[in-house]
Amino acid sequence: MASVSHARAVRTEGRDADAAVVSLRGAALSFGERVLWQGLDLDVRPGEFLAVLGPNGSGKTSFVRALLGQRQLSDGTLTVLGRPPRGGSRHIGYVPQQATLSAHAMLRARDLVRFGIDGHGFGPRLRTGAVRRRVDEVLESVGAAAYADVPVGLLSGGERQRVRIGQALATDPRILLCDEPLLSLDLHHQRAVTELVDARRRSHGTAVVFVTHEINPVLGLVDRVLYLARGSYRVGTPDEVLTSESLSQLYGTQVDVVRVRNRITVVGVPDEVAEPAHHPELPHGVRP
């Protein structure tokens, strides 16, 4: 399993490598009377890989949006890089779910990466040599240089995710937020995407918050798991959280966790513990 201490050894001039880049105390998020999660105490440190798991409707994407400053907590406090979260920070890279980009988008791959750098339109005023060189450098680093001028809507899912990661990394962020980046990808492209993310956090000490249903492809990389369910949570190492005892307490019913050849399978989650109108969709390889 990846080591947090190894990742923390990567130091950047002028930064405290041990200071939390994300900190929550007594944090809660609810919509009306529906509580997604509450009482959350969590610190995420430089170079840490945090996987966020849980059924549909448990608040995983809302957790990411809170870190982006797009959702206000119902209670408690949240700081990102030492201050309340705000939109548009160059220190935060964001890889959204693929569905947020139209399949017919005619934006070129290089345009999407460049948008991650300047955050504006593509007028001549911003077409500087330095920006072009940075775009080429980023595309090369994520293995997307060969289709730099191809419209994003014509790329495969795996190619598109490489470009999305390039866009998120274009400003050299200290935090990388990934919302279901493995969705609809085959095993080959899942491996490619996770290796890109892991390489970044190891080389630059970038903290990674990785929302996923696909825990097995990242299991060997994860330092800690935040598991959200039924208005509550569990946080700890995979060995601490992904156990029969831990998930049984979280769901309020008997749940069995089986490990076979370094893969995790969860059995025994009944329909009645799901959020209203949602069946619990657990990580890849996990089934009720």
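For the range 140-148, does any single residue satisfy the condition of being at pLDDT 90 or above, more than 21 Å from ASP198 (Cβ to Cβ) and touching a Lys or Arg at 6+ places or on another chain (Cβ under 8 Å)? Steps first, please.
Here is the first cut: in the range 140-148, the residues at pLDDT 90 or above are 140-148.
Remaining after also requiring more than 21 Å from ASP198 (Cβ to Cβ): 146-148.
With touching a Lys or Arg at 6+ places or on another chain (Cβ under 8 Å) added as a condition, the list becomes 148.
Among the residues of the range 140-148, at least one is at pLDDT 90 or above, more than 21 Å from ASP198 (Cβ to Cβ) and touching a Lys or Arg at 6+ places or on another chain (Cβ under 8 Å), which makes the answer yes.
Taking the criterion of being at pLDDT 95 or above and touching a Pro at 6+ places or on another chain (Cβ under 9 Å), the residues of the range 70-91 that qualify are THR77, LEU78, THR79. Scanning the range 227-239 for residues that are surrounded by fewer than 24 Cβ atoms within 10 Å (Cβ to Cβ) and either under 12 Å from GLY54 (Cα atoms) or in contact with a strand residue (DSSP E or B) (Cβ under 8 Å, 6 or more places away or on another chain) (or both) gives ARG230, GLY231, SER232, ARG234, VAL235, GLY236, THR237, PRO238. Residues in the range 15-51 that are in contact with a Lys or Arg (Cβ under 6 Å, 6 or more places away or on another chain) and surrounded by fewer than 24 Cβ atoms within 10 Å (Cβ to Cβ): ALA17, ALA20, ASP41, LEU50. Condition first: surrounded by fewer than 24 Cβ atoms within 10 Å (Cβ to Cβ), closer than 15 Å to VAL142 by Cβ and among the polar types (S, T, N, Q). Can you find one or more residues in the range 171-183 that meet it? Looking for residues that are surrounded by fewer than 24 Cβ atoms within 10 Å (Cβ to Cβ), closer than 15 Å to VAL142 by Cβ and among the polar types (S, T, N, Q), one finds at least one in the range 171-183, hence yes. Here the range 117-137 is the region considered, the condition is being at pLDDT 85 or above and touching a Lys or Arg at 6+ places or on another chain (Cβ under 9 Å), and the residue that is surrounded by the most Cβ atoms within 10 Å (Cβ to Cβ) is VAL135.
The values are calculated or read from the model by the stated rules, or taken from the named source; none is laboratory data. In this text the structure is predicted, and so the values were computed from the model without any measurement. Here Cβ is always computed from backbone atoms with ideal geometry, including for glycine, and neighbour counts include all displayed protein chains.
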